[in-house]
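The values are calculated or read from the model by the stated rules, or taken from the named source; none is laboratory data. None of these values were measured; they are calculated from a predicted model. With ideal geometry, Cβ positions are generated from the backbone for all residues, glycine too; neighbour counts draw on all protein chains shown.
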């Protein structure tokens, strides 16, 4: 990607919500929760709140194996 020699990035970047297409609203540059909700309470002392990411799946498998061994 090339940029002009006279390009200077803005001092403060501001996200324009009026997107360039239908997927502009789902690809937003902010992180974190989009709403607040109470977390569900399970029957075990250790709870894992994950969205099924690869690392979340690994931890889930490890916790299931520990539970099977009696921990």
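Within region 22-71, if we keep just the residues that are at pLDDT below 80 and in a helix (DSSP H, G or I), the residue that is surrounded by the fewest Cβ atoms within 10 Å (Cβ to Cβ) turns out to be 55. Can you spot a residue in region 3-20 that is free of Cβ contacts under 8 Å to residues at least 60 places away in the same chain, surrounded by fewer than 10 Cβ atoms within 10 Å (Cβ to Cβ), in a loop (DSSP other than H, G, I, E, B) and on the phi > 0 side of the Ramachandran plot? Looking for residues that are free of Cβ contacts under 8 Å to residues at least 60 places away in the same chain, surrounded by fewer than 10 Cβ atoms within 10 Å (Cβ to Cβ), in a loop (DSSP other than H, G, I, E, B) and on the phi > 0 side of the Ramachandran plot, one finds none in region 3-20, hence no.
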